[in-house]
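Reviewing the structure listed below.
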Amino acid sequence: MQQEWRPRPGDRVVRHPREEEIGPLRIVAATPRVPPRNFGSLSLLVGGFSALIGVGTLLLLLPFTNNHGGMTPLMDAFFTAASAVTVTGLVVVDTPTYWSFAGQFIIMVLIFTGGLGIITIATFLLIMTGQRVTLMNRLLMKENLGVDQLGGLIILTRRVVFVVGALQLVGFLLLSARLLGDYPLATVLFQSAFHTVAAFNNAGFTILPDSQSLNALRLDLWFLIPIMYLIIAGGLGYSVLQDLLRNRRFNRFTLDTKLVVTLSMVLWGIGALVILVSEYSNPATFGPMSLGAKVLNSVFYSVSTRTAGFDTVDFGGMKQHTGFFITVLMFIGAASASTAGGIKVNTVAVLLAAAISSIGGKTHVTAFGREIPHFQVYRALTMFILGMAVVFSLAFFLTLSEGFPFIQTLFETVSAFGTVGLSLGITPELSTQGRLIIVLTMFLGRVGPLGLALVLAEREKAAPYRYAEERVKIG
């Protein structure tokens, strides 16, 4: 028996003009059900990171995760979990001494999960369990990995996990070879695994005994070079790494790769030079070192301070103008679709290309013989303005809350927003309100740029009409 058809809620039923002759036929123009824009993808992203921070907090509360017995204070556990998931590295307790092996292992897992990305891990698990990868999953992966196509993302996801694992394995072997004679084998393996994960994911956590960050190894070339390799690999992003490994020649790279590699090398070079000149004779930092050690540490700081947050000298002893310059580096951050925060190198590269094109009298933004679409210039400008607004607003509220000098709170805020983890020493002294502001800043720095990219990508559409053009005075 044929089931009687009935319209669904929302369907528009149109009567046929010859209904009397052909019977009660209905022509249905279904009204598409459009979900609320940006709600699904953005809420999944925010909810995933929030849930991971919540799980990490609950685990770090347990007595077996610390060396002092009893429950960990809630705010300490929450701040540490948020810092690990957002791959920042700011701490309110001393990681090597306060946390037990179990606590350090949980922090390492949180760093790995937060760095690789909730979206990548969720999609990979769906693939491994044979579940269907939805269009929303594909859109999230597209923005998360910084690629253009929606097709082939399942194969791409497998490749990402493999490449990330292979790069970290190389770093793990290099660090293990260096530490093999200094500690028992079990300690060597865990120390190497922890610092590999922290460096590749640009987190800045360290668990070296009797060392403030990497101060004890500031003259150790064979330890600092693998750390720099991991920081750079994690900060370039998968799409750039794939392009570098596949094409290997600059003229064959995509425009995105050319911009990221060129500006990154410029920032590393300028950063190393400025830090070397500024701190060359500073007795609290580079002064007592040999020339070779000064150059090594200048390069290391130039690489680390923009994304990771490892330090090899007492950072509080650096000169004020050095700290200001490093603040700029932290605000820029690393490449899009990488493990680092900040407004991203790609954003700054597009804005610089726009400025250079404008100075050259061009009406379109060009770089390396290619034209950059206007909507991407607008997106870069939006990212820059919103990043500045977030940083200065939260730094203002942190200054009101804590009473520290504005330059210190600004540095702390930019470090949190760029998920760098460097500190002038005020993080452990923050009140509960101040710690919550820093947690919010870390969360916005890690999730905000990707979330904004998702929102803008979903809202992009061709305008049905354009207004009359009228010029305004500039300058």
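Straightening the chain between residue 185 and residue 474 buys 97.6 nm, computed as 0.36 nm per residue apart minus the Cα-Cα spacing. Centre-to-centre, using Cα atoms only, the stretch 341-362 and the stretch 279-316 are separated by 29 Å. Descending by average beta-carbon neighbour count within 10 Å, the peptides 161-169, 230-238 line up as 230-238, 161-169, the highest first. Cross-link pairs exceeding 24 Å between alpha carbons, from the set 258/319; 258/362; 258/473: 258/319; 258/473. Loop-resident trypsin sites (Lys or Arg not before Pro) (DSSP state other than H, G, I, E or B) in the stretch 228-276 with no more than 16 further Cβ atoms inside 10 Å of their Cβ: 248, 249.
Between residue 367 and 372, the built amide H atoms are under 5 Å apart, and every one of these is 5 or more places off in sequence or on another chain. A Förster radius of 35 Å combined with the Cβ-Cβ distance from residue 359 to residue 291 puts the calculated FRET efficiency at roughly 0.35. Estimated from the Cβ-Cβ distance and a Förster radius of 60 angstrom, the FRET efficiency linking residue 406 and residue 247 is about 0.85. With R₀ fixed at 56 Å, the C-beta to C-beta distance from residue 381 to residue 220 puts the FRET efficiency at about 0.85. Listed peptides 369-381, 170-182 appear in the order 170-182, 369-381 once ranked by packing, highest mean of other Cβ atoms within 10 Å at the front. Based on Cα contacts under 8 Å between residues 6+ apart, the stretch 39-459 shows a relative contact order of 18 percent. The simple spin-label model puts a point 7 Å past each Cα toward its Cβ; for residue 284 and residue 328 those points are separated by 2.2 nm. Note on 391, 328: ascending count of other Cβ atoms within 10 Å places them as 328, 391, the fewest first. Taking other C-beta atoms within 10 Å as the exposure proxy, 364, 195 rank 364, 195 from fewest upward. Here the Karplus relation 6.51 cos²θ - 1.76 cosθ + 1.60, evaluated at θ = phi - 60°, turns the backbone of the stretch 323-332 into coupling constants of x, 5, 5, 5, 4, 5, 4, 5, 5, 5 Hz, with x for every Gly and Pro.
None of the figures in this text is laboratory data; all of them are computed from the coordinates on show. The structure displayed is predicted, hence computed values, not measured ones. All Cβ positions, glycine included, derive from the backbone under ideal geometry; neighbour counts span all protein chains shown.
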